[in-house]
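Have a look at the structure below, then the notes.
The values are calculated or read from the model by the stated rules, or taken from the named source; none is laboratory data. All values reported here derive from a predicted model rather than from experimental measurement. Note that we place each Cβ from the backbone using ideal geometry, even for glycine, and neighbour counts take in every protein chain shown. Areas reflect the complete protein model, heavy atoms only, side chains present, ligands, DNA and RNA absent. Shrake-Rupley method; radii C 1.70, N 1.55, O 1.52, S 1.80 Å.
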Amino acid sequence: MSLPLIIGCLWVLAATIVALLPMKHQYKPGLTLLIAAPFLIIWIGYVHGWIFGVLGLLAFVSMFRNPLIYLYKRARGERPEIPK
C-alpha cells in the first residue's frame, strides 16, 4: 500500500475517534482534519489517478457532511445553530 493511502487510512481512524468525542472537544481536531483533507485527497488523486481522488472526495463529504453544510450556510449569510 502506498504512503498516501496509509495516511488516508490513519486520517479516517482519527476522524472516527474525533467523532466519538463530546461535541465541545471535537472542534480543534475536527478543524485540523477538515483542513488536511483536501491536501490528502489531492495527493491520493495524484499518485493513484483521478478516480481514486473522486472516491476520496466522496468519502470525505460523507464523513464531514454536517460541518460542510454548516460552513455552506455561514457562507450564504445564514446563522445556523451549533449543536450542544
For the range 34-45: of the residues being without any contact (Cβ under 8 Å) to a residue 24 or more places away in the chain and more than 17 Å from Ala14 (Cα to Cα), which is surrounded by the fewest Cβ atoms within 10 Å (Cβ to Cβ)?
Ile42
Using beta carbons and a limit of 8 Å, which pairs, at least six apart or on different chains, have the first residue in the range 13-27 and open to solvent by less than 100 Å² (accessible area, probe 1.4 Å) and the second one in a loop (DSSP other than H, G, I, E, B)?
Ala15/Phe64; Val18/Gln26; Ala19/Gln26; Met23/Pro83; Met23/Lys84
Scan the range 56-74 and report the pairs whose first residue is open to solvent by 60 Å² or more (accessible area, probe 1.4 Å) and whose second residue is part of a helix (DSSP H, G or I), with Cβ atoms within less than 7 Å and a gap of 6+ or a chain change.
Leu57/Ile41; Val61/Leu68; Met63/Ala15
